[in-house]
Structures are given as structure tokens and as C-alpha cells.
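Reading through the C-alpha cells given below for one structure.
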Amino acid sequence: MDGSTSDQAMFQRPRPLPVLILADVSGSMANDGKIDVLNRSVATMIRAFADEDSLRGEIWAGVVTFGGSDATLHHPLVPASDVRWDDMRASGRTPLGAALDLVTGLLVDESVVPRRAFRPTVVLVSDGVPTDEWRAALSRLLTSDKGGRALRLAVGVGQDMDAEAFDVLEQFIANPQVKVGRAEDVHELPRYFDWVTATVTTQVRSGRVTNDDLLDFMN
Amino acid sequence: MRTEDDQAIELTRRIGAGGQGEVWEAGGGRLAVKLLHSRDQRAAERLAAQLRTLRLLDLGDLPIARPLALLSPPHLGYTMVMLADMVALRQLFAPTGRTALVPWYTETGGLRRRLRLLGRTASALAGLHGRGLCYGDPSPVNVMVSEPLDHEQVYLIDVDNVAVMSEVRGNAYATRGYSAPEVLAGRLGVSSLSDAYAFAVMAFELLTVVHPFIGDKVYDGEPDLEDKAFAGELPWIEHSTQPSNRSRFGLARDVVLTPGLRTLAARAFEAGVAEPTARPTVAEWRTKLYEAADLTLACPECHGTYFGSRATCPWCGVAPPPALFAQLLTQVGLEAGKPMFAETRRALLVQRQVVTPVSARTAVAAVDELEQSVVDLWYDHNDRLTVTNRWDRPVWLVGVGGGPRMAIAVGHDATIPMFNRRSGWELHFGPAHEPHRVLRFSRLVRKDNR
Ligand SMILES: Nc1ncnc2c1ncn2[C@@H]1O[C@H](COP(=O)(O)OP(=O)(O)O)[C@@H](O)[C@H]1O
Ligand SMILES: [Mg+2]
Ligand SMILES: [Zn+2]
């Protein structure tokens, strides 16, 4: 997509920096107001993305939810400034595997993530153990070109996160340098998303993020 | 929160946030406060020491948001003057959304304003370099410019990068696309030469609306290729001998760059990639940018501005407005009572019914940060030229071939007729017996060069 004019002179558009949120909207997310805090946190983050005004990169945001019996593309991947936020609703099971396959499909599709895009960021938010077969789906994501190279971040929310649930998130991140976020008290969730926001905006400004940069934000 | 000199500071509104910190409004809107993040105690102490040094440096009248006071611990940061009615130069770099390029370019001030804003930016950087300092991270987000189109103020912010001596440092926060290759690679620290590189990129991009290293294959390719381009491993888009990275984007280069500016860009992006000393200095850029701006006309039809060398307006195709051509000469002395002139290759255009200010840069070859007008020129419908003296000394109008000589006192004006018949009236910026500069007027005649 190039900007063109009546007399053919065109300008270059910033390179997209895709951010996909992978949000658990299972029934349990309705407890303790978790889904409300998540809605607010993600909406705030996308607004911050939209305000980020860099010549070299433009943050795009999309949301995949998993709940009920399947995964849904809640918001397609578009420039953050074009997102009209719609709240997510919690109900049903935790079909993470279906969500991972949906994400893999999006990342490999060049009409969704153009070739010129920066390395995508995928953020997984969950409050418990998946209810479907997720291992094979995760390995499909990690072995796909864009999925494997993506910066994968994850945060566990609420009191019900047990060792098994954290293990799932760790396997998703698959990078010892990056720690799983923990928001046992749901009100710690916005802070985690502030961190994600800072990490992503740093990437779009400098075009890269080093492990060192990540540490900088992990306070 | 308090400053080191124990003034209370109340932050009222967050204006901006970035990798290095946050900027807040304070002091009832008169002050801005930059709060810095730092990795650890040692980094914080280093930064505080650097800010303290910076506060003490004599930066004269340079338009730079210098630290006024440091915050006292545990906070790290400084207060500076609040820049009201200013926006980041970035706003003029590219339209957003589906806007058409040419109308947007004109609506944001067009070619002339861009040349002049860049001239002022170069001037501020040259002022730092002249004091043995370098700025560190010239980029479109670190230069603030007047928001109203009839103002041309420029201010450098983000002074935490200003360095006295260059040291090698990480590049994580350098603005992508504006780092000199040697800094990007970590071979050398920032310097006036890396400033000159970053400035060259900014100047070329602001004028042409295309980054000098983002050719089509880079634009369409993966980010890794862009990294290579920014590292100087690919030829720039207008390389004189290597056409492998040309771009289909942006405005026609010869419409927005004079031959002189194109030469500077080629020096910066060919030899200057690997050899920092081959780059033109920011002072060279300043000179060429201002001189280019002096040769622009404003289209009466589309209000776009363009170089008077063109046969028609490049933006809308309409014929140019009437104008006078004012050649700049230096009167070097008198021989047998007759003035002797040295020619310069400089000139300015005086468009009919448009006030043309002449600054000390032209009148006495002085560096004037503010580009204040010393005389205003006004060429009217009846082919008369009025000169208004706004200076602190008289100027003289001299008729054709040394004809009548008319002094214009401070605060006065004078009008000369007859541009339809004869040319050659001169405006002298000094008395006859001293060397001084002269503008010699003639009508700009249009050749219908098809
Ligand atoms: N003195 C100031 N007056 C008004 N706005 C300012 C001032 N300094 C900075 N800002 C705003 O804050 C933003 C970030 O400032 P900057 O110093 O460049 O921070 P960073 O280190 O994050 O790049 C700028 O883009 C500008 O909009
Ligand atoms: Mg900055
Ligand atoms: Zn026109």
C-alpha cells in the first residue's frame, strides 16, 4: 500500500510492526473482574500504539480470543490507529490450541503480515490450563518462519495459575531470556501491559530490541 | 518533586514518552520537565554528571532546550523551557493515511519553508559544533519547529545526547534511519561528523519525501535489508554510478534540490558513507539551504513554492509570477573613483507583491541565527521597487551605471522606478569608500525554454 497522488508522486509508508494479542476469554476470566481489567489494559495499549508517531515503523494491532469452544479473530490486524476497540466477553472453555493455529495462519499469510513487516510480537494472556490439544499447535507455530522469529511474551493472571499453567506459558515463550509475566492480583495486569507497550514502542523507534533493552523494562 | 536549587516542581500533564524518559508540563505551562529512566545507579550518576556539565556550558543564544535546573534525587531529570506552539519536524516528513503528496507538501509550508527550517536546524547544529560540542542524535523527532506556517522557529530538544567528547556507546535508542554508519556499527562514537551525516539524511528526506537509502528493493524487502541499507552497505538511491537501489517514491529530485544541494547529498552518501571527513559540514548545508530558499517563487495559483529557474510551476503547471533578479556582488574598492566589483554566484528573487526580507547573511555575510531582516524589498504592480531600511545603519540606492545616489536612513524607505526599461539599479549595504555588499537588480526574463 503506497500513498499516491494525482500527479503520481508517491510517498513511502512506515514498515508495519505487527502485535497480536492472544487473549484467554474462558469463563473463569469473568471472575474477579479479570476480563474487565484485561479489556481496559489492551484498549489502553492499542491507544498508546496509535499515538506512537514514528517515520520508520507503524504499529499494527490484532486480537485473537479463545473461549467458548473455539478461537475467534476478535480484531483483525490493522494499523493501531484504525482499531475501534470492542470489549471481549468471557465464557466457556480454554481452546488455546485452536488459537495458536489461528495465529500461525495469520502470521504466514502475506496479505495479513506483509513481507516488509518488522518481526511480529505475540502476547499471550491466560488464567489457566488449556482444555484442548495445544502442544502440536504450539510446535506448528514455533516451526513456522514468522511464528518462530516472533517476539513471544506471556502473562498469567489471577490466583488459579498453577505450575502446569505457567509451564504452558513458558513453552510458548520458548526463550529463557524472557520471563513469564505474573499478575496474581489482577490489578497488576495494567503494569504488565505498560511494559509490553514500552517494549513494542522501543522496537518501532529503534527498529530492533535487544535482550538488554528487555531487561531495561523488567523492573 | 524539587530541583537541586530547591524549587518545588509540580508536574501537570505528560507531553511525551520515549525510550529514554518522559516529558511533562510543569510550572503552570512555562516549564517542561524531562524525567529520565536509567538502568542502574551508576548510569544515573553518569547521566546526572553529564546534565550538570551541559547546564554550565555556554550555549549563547543557540535554540537548544538546555537544562535549566536538575531534579534532586531520587528523581533524575531536568527542567527546560516549554516550547509552546511547536511541533516535531517529523510532522513535515510524510503525510499519514491516504493524503495526496503534493497538496500536503504545499499545505505544510512547501519547499521554501522546508529549506529555511532546515537552514535554521543546520545553523543550530553548526553553533554547537563551533563550541566543540556535538548534538548526538539529530532526527525529525528531536527538532521542534513552529506550528504556524508563517513562523520559522527551530529548537533542538533531547539534549541528553549532547556530548563534549565522543565516546562509543550502544545504539539501541538512536532514531532508526538517522545514525551514521560508523556509529551504528559501534566503530566510533558520535561526533560533529556523525551529526553531519544524520543532518544530510534529514535534509534529503524532508525535501524529497524519500529516505536516501530506502530504494525500492529495500522498501519492498524484509527489515534485514533495510538494516544493511542504513549501515551503508547498499548504494544510496541517487548513486552516481551504482543504480541498483533507485526509488520510485518521493518528489522529482531536481524540483526540490538545487544542483548545489544535490552535490552535498552525493558527497554525504557516496564518499561520506565510509569516510566521515568527506561529508559536507552542517555549515555548508546551512549556506546552500538558505541560498536555495532565496531563489524560490510562490505560485499565485496553487501557493506552492519552487525554484525560479523553472519555466512553470512544477506543482500545477501555471506560469511563474513576475519577479526581479537581484544579483549579489561585493564592491571591493574604488579605482579612479569608479567602484570595482567582485561577482558572487549568489542571487535572490524579488517576487512582485511579496515582501522579500534581506538578512545580514546577504547584506554583510554575517551568521545570523534568527535570519532577521535588515531591509525589506517590495516590487509593486507599477514596476517600482521599494526598499525599507530596518537596519541600524543607512543603505544606498545607486542608479544605473553609478547614476544618482540616494541614502536611505535608518527606519526610512525609498522607491525606484522603471524596471520595465532598464536594469542595473543597485542597493549598497555600505558607504562608497568601504568594501561592502551590493544587490544589483534586473527583471527576471522568462525564456520559453520548451
Ligand atoms: N521543551 C519541550 N517543550 C515542549 N515539548 C517537549 C519539550 N521537550 C520534549 N517535548 C516533547 O516530548 C517528546 C519527547 O521528548 P524527547 O526529549 O525527544 O524524549 P525522548 O528521549 O524520549 O526521545 C517530544 O517529541 C516533544 O513532543
Ligand atoms: Mg527524542
Ligand atoms: Zn502552482
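Taking B:GLY189 as meeting all but one of (1) farther than 23 Å from B:LEU251 by Cβ; (2) in a loop (DSSP other than H, G, I, E, B); (3) within 16 Å of ligand 1 (Cβ to nearest atom), write down the number of the exception.
For B:GLY189, the failing item is (3).
Determine the pairs where a residue that is within 14 Å of chain B (Cβ to nearest Cβ) and crowded, with 22+ Cβ neighbours inside 10 Å, located within the stretch A:50-79, has a partner that is among the acidic types (Asp, Glu) and not in a strand (DSSP E or B) with Cβ atoms under 8 Å apart, the partner being 6 or more residues away or on another chain.
From the stretch A:50-79, the pairs are A:ILE59/A:GLU52.
Could you check the stretch B:292-326 and list, in sequence order, the residues that are away from ligand 3 (no atom under 16 Å from the Cβ), open to solvent by less than 40 Å² (accessible area, probe 1.4 Å) and either farther than 14 Å from B:ARG446 by Cβ or within 14 Å of chain A (Cβ to nearest Cβ) (or both)?
Residues satisfying the conditions are B:ALA292, B:ALA293, B:ASP294, B:ALA326.
Is the stretch A:3-15 home to any residue that is in contact (Cβ under 8 Å) with a residue 12 or more places away in the chain and within 26 Å of A:GLY92 (Cα to Cα)?
No, the conditions are met nowhere in the stretch A:3-15.
For every residue, the table says whether it meets (1) away from chain A (no Cβ under 14 Å); (2) at positive phi; (3) buried (at least 23 other Cβ atoms within 10 Å of the Cβ); (4) at pLDDT below 95.
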residue: B:CYS134; (1), (2), (3), (4): yes, no, yes, yes
residue: B:ASP137; (1), (2), (3), (4): no, no, yes, yes
residue: B:SER166; (1), (2), (3), (4): yes, no, no, yes
residue: B:GLY186; (1), (2), (3), (4): no, yes, no, yes
residue: B:VAL190; (1), (2), (3), (4): yes, no, yes, yes
residue: B:ALA200; (1), (2), (3), (4): yes, no, yes, no
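Could you tell me how many of the residues in the stretch A:128-147 are open to solvent by 10 Å² or more (accessible area, probe 1.4 Å), at pLDDT 95 or above and small (Gly, Ala, Ser)?
Number satisfying all stated conditions: 3.
Select from the stretch B:81-113 the residues that are away from chain A (no Cβ under 12 Å) and either without any contact (Cβ under 8 Å) to a residue 60 or more places away in the chain or more than 16 Å from ligand 1 (Cβ to nearest atom) (or both) and list them in ascending order.
Those that are away from chain A (no Cβ under 12 Å) and either without any contact (Cβ under 8 Å) to a residue 60 or more places away in the chain or more than 16 Å from ligand 1 (Cβ to nearest atom) (or both): B:VAL81, B:MET82, B:ALA84, B:GLU107, B:THR108, B:GLY109, B:GLY110, B:LEU111, B:ARG112, B:ARG113.
Please state which of the following conditions B:SER247 fails to meet, knowing it meets all the rest: (1) within 14 Å of chain A (Cβ to nearest Cβ); (2) of a type outside the set (Val, Ile, Thr); (3) part of a helix (DSSP H, G or I).
Condition (3) is where B:SER247 drops out.
Quick one: in the stretch B:250-270, which of the residues that are within 14 Å of chain A (Cβ to nearest Cβ) and not β-branched (Val, Ile, Thr) is farthest from B:GLY221 (Cα to Cα)?
B:ASP254
Does B:ASP376 satisfy the criteria of being at pLDDT below 85 and within 29 Å of B:GLU152 (Cβ to Cβ)?
Answer is no for this residue.
Can you find, within the stretch B:7-21, the residue that is farthest from ligand 2 (Cβ to nearest atom) among those that are part of a strand (DSSP E or B) and of a type in the set (Val, Ile, Thr)?
B:THR12
Restricting the first residue to the stretch B:242-262 and requiring it to be under 20 Å from B:CYS316 (Cβ atoms) and at pLDDT 95 or above, which pairs with a second residue that is part of a loop (DSSP other than H, G, I, E, B) and open to solvent by 30 Å² or more (accessible area, probe 1.4 Å) meet a Cβ separation below 7 Å and a spacing of at least six or different chains?
Correct list of pairs: B:ARG253/B:GLU238; B:VAL255/B:PRO314.
Condition first: in contact with a Gly (Cβ under 7 Å, 6 or more places away or on another chain), closer than 17 Å to B:PHE325 by Cα and open to solvent by less than 20 Å² (accessible area, probe 1.4 Å). Can you find one or more residues in the stretch B:347-369 that meet it?
Yes, because at least one residue in the stretch B:347-369 is in contact with a Gly (Cβ under 7 Å, 6 or more places away or on another chain), closer than 17 Å to B:PHE325 by Cα and open to solvent by less than 20 Å² (accessible area, probe 1.4 Å).
Considering only the stretch B:210-235, state which residues are touching a helix residue (DSSP H, G or I) at 6+ places or on another chain (Cβ under 7 Å) and open to solvent by less than 10 Å² (accessible area, probe 1.4 Å).
B:HIS211, B:PRO212, B:PHE213, B:ILE214, B:VAL218, B:GLU226, B:ALA229
On the basis of being open to solvent by 60 Å² or more (accessible area, probe 1.4 Å) and within 28 Å of A:PRO79 (Cβ to Cβ), does B:ARG98 make the cut?
yes
Given the conditions (1) within 14 Å of chain A (Cβ to nearest Cβ); (2) surrounded by 13 or more Cβ atoms within 10 Å (Cβ to Cβ), and given that B:SER72 satisfies all but one, which numbered condition is not satisfied?
Looking at each condition in turn, B:SER72 falls short on (1).
Just to verify a result, which residue in the stretch B:1-37, among those that are of a type in the set (Lys, Arg) and touching a residue at least 60 places away in the same chain (Cβ under 8 Å), is nearest to ligand 1 (Cβ to nearest atom)?
Among them, the one singled out is B:LYS34.
Regarding the stretch A:183-194, can at least one residue be identified that is out of contact with any Ser or Thr (no Cβ under 6 Å at 6 or more places or on another chain), in a loop (DSSP other than H, G, I, E, B) and of a type in the set (Ser, Thr, Tyr)?
The answer is no, given that none of the residues of the stretch A:183-194 is out of contact with any Ser or Thr (no Cβ under 6 Å at 6 or more places or on another chain), in a loop (DSSP other than H, G, I, E, B) and of a type in the set (Ser, Thr, Tyr).
Could you check how many residues of the stretch A:157-194 are of a type in the set (Asp, Glu) and crowded, with 18+ Cβ neighbours inside 10 Å?
Residues in the stretch A:157-194 being of a type in the set (Asp, Glu) and crowded, with 18+ Cβ neighbours inside 10 Å: 0 in total.
Which condition number does A:ILE46 fail, the rest of (1) open to solvent by less than 20 Å² (accessible area, probe 1.4 Å); (2) under 30 Å from B:VAL87 (Cα atoms); (3) within 14 Å of another protein chain (Cβ to nearest Cβ) being met?
Against the list (1) open to solvent by less than 20 Å² (accessible area, probe 1.4 Å); (2) under 30 Å from B:VAL87 (Cα atoms); (3) within 14 Å of another protein chain (Cβ to nearest Cβ), A:ILE46 comes up short only on (3).
Provide a single number: the residues in the stretch B:21-31 that are under 18 Å from B:ASP137 (Cβ atoms) and either buried (at least 18 other Cβ atoms within 10 Å of the Cβ) or not assigned by TED's automatic domain parsing to the domain that holds B:GLU4 (or both).
The number of residues fulfilling the criteria is 2.
Of B:THR108, B:THR79, which residue is over 14 Å from the mean Cα position of the chain (by Cα), of a type outside the set (Phe, Trp, Tyr), more than 15 Å from ligand 2 (Cβ to nearest atom) and open to solvent by 10 Å² or more (accessible area, probe 1.4 Å)?
The unique qualifying residue is B:THR108.
Let me spell it out: the conditions are (1) more than 15 Å from ligand 1 (Cβ to nearest atom); (2) at pLDDT below 90; (3) buried (at least 19 other Cβ atoms within 10 Å of the Cβ), and B:ALA180 meets all of them except one. Which number is the exception?
For B:ALA180, the failing item is (2).
Tell me, yes or no, whether the stretch B:38-54 has at least one residue that is under 26 Å from the mean Cα position of the chain (by Cα), in contact (Cβ under 8 Å) with a residue 12 or more places away in the chain, buried (at least 18 other Cβ atoms within 10 Å of the Cβ) and within 15 Å of ligand 1 (Cβ to nearest atom).
Scanning the stretch B:38-54, I find at least one residue that is under 26 Å from the mean Cα position of the chain (by Cα), in contact (Cβ under 8 Å) with a residue 12 or more places away in the chain, buried (at least 18 other Cβ atoms within 10 Å of the Cβ) and within 15 Å of ligand 1 (Cβ to nearest atom), so the answer is yes.
Quick one: which of B:LEU329, B:LEU349, B:LEU324, B:LEU334 is in contact with a Phe, Trp or Tyr (Cβ under 8 Å, 6 or more places away or on another chain) and farther than 26 Å from B:LEU117 by Cβ?
B:LEU329
The values are calculated or read from the model by the stated rules, or taken from the named source; none is laboratory data. Computed from a prediction, not measured in an experiment: that's the story for all the values here. FYI the Cβ positions are ideal-geometry reconstructions off the backbone, even for glycines, and counts take in every protein chain you see. For accessibility, only protein heavy atoms count, side chains too; no ligands or nucleic acids. Shrake-Rupley method; radii C 1.70, N 1.55, O 1.52, S 1.80 Å.
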